[in-house]
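The values are calculated or read from the model by the stated rules, or taken from the named source; none is laboratory data. Remember, predicted model here, so these are calculated numbers, not experimental data. Neighbour counts are summed over all protein chains in view; Cβ atoms, including those assigned to glycine, are modelled from backbone coordinates with ideal geometry. Protein only, heavy atoms only, side chains kept; ligands, DNA and RNA dropped before computing areas. Shrake-Rupley method; radii C 1.70, N 1.55, O 1.52, S 1.80 Å.
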Amino acid sequence: MGEVATAVSDEAFSALAENLGHILEVRALLCVIAPEDVQGEAVVEAALSRCDGADPVMVTTAAPGNLAALLDAFHAALHLGARPRRMADAQRAVEDELARRSWPVVVVRDAHLLRTEALQYVYGLWSLFQDRERRMPVVLVGPEKIRSVLRRSSLASLESCIFIWHRLKTADGIRLRRAT
């Protein structure tokens, strides 16, 4: 993994690591709000690398941010090959692969760019795993805009289930920590 473009302070990194520890313990939803000049997903990935047993699934979507694009991103992140044409088959493949893993942690970068249907799928996937013995934590990462996106009335269930809202802060003349 490369270096984070803009570093966060040791204090900010430790606070994120602590919050990640909480959501990993209870298998909850975490929303990380990162300033525009911080690669929040890289900081999250660096913090997750220090969590024994966690298996990060870094999901990076592309335009147009719809469900098909999200499923393509899941298939790429999970190394499943080309996405089946039928959405139900694509969803089942993602769910089966996540269920096969011992401790998957889904990290959705630039979650604010996803359309409502794609975010509803992320919520549905998390909910599905809440009914299983091995629940799955999910981390949504994005800039401040993610708050307004998640306030859409059709996403009220997702927003209400976010266990922790974590705001990353840039380092202002204090000791820096770079994710490597």
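Which residues, counting only those in the range 96-107, are open to solvent by less than 40 Å² (accessible area, probe 1.4 Å) and within 16 Å of R27 (Cβ to Cβ)? Show your work before the answer.
Step one: filter the range 96-107 for residues open to solvent by less than 40 Å² (accessible area, probe 1.4 Å), giving 97-99, 101, 104-107.
Within the range 96-107, L98, A99, R101, P104, V105, V106, V107 meet the criteria.
Filter the range 1-39 for residues that are at pLDDT below 90, open to solvent by less than 50 Å² (accessible area, probe 1.4 Å) and touching a strand residue (DSSP E or B) at 6+ places or on another chain (Cβ under 7 Å) and give the result.
T6, A7, V8, S9, D10, F13, P35, V38 - these are the residues of the range 1-39 that are at pLDDT below 90, open to solvent by less than 50 Å² (accessible area, probe 1.4 Å) and touching a strand residue (DSSP E or B) at 6+ places or on another chain (Cβ under 7 Å).
Check off (1) within 29 Å of T170 (Cα to Cα); (2) out of contact with any strand residue (DSSP E or B) (no Cβ under 7 Å at 6 or more places or on another chain); (3) open to solvent by 50 Å² or more (accessible area, probe 1.4 Å) for R85 and give me the number that stays unchecked.
Failing condition for R85: (1).
Just to confirm my filter: which helices (runs of 4 or more DSSP H) fall fully inside the range 45-131 and include at least 2 residues that are in contact (Cβ under 8 Å) with a residue 60 or more places away in the chain?
Numbers: elements: 67-77, 87-100, 116-130.
Those helices (runs of 4 or more DSSP H) span 116-130.
What is the residue count in the range 79-125 for residues that are among the basic types (K, R), over 14 Å from P56 (Cα atoms) and at pLDDT below 95? If you could, list the steps in order and put the result at the bottom.
Here is the first cut: in the range 79-125, the residues among the basic types (K, R) are 83, 85-86, 92, 100-101, 109, 115.
Next, only the ones that are over 14 Å from P56 (Cα atoms) stay: 83, 85-86, 92, 115.
Right, trim to at pLDDT below 95 and you get 83, 85.
Residues meeting the conditions: 2.
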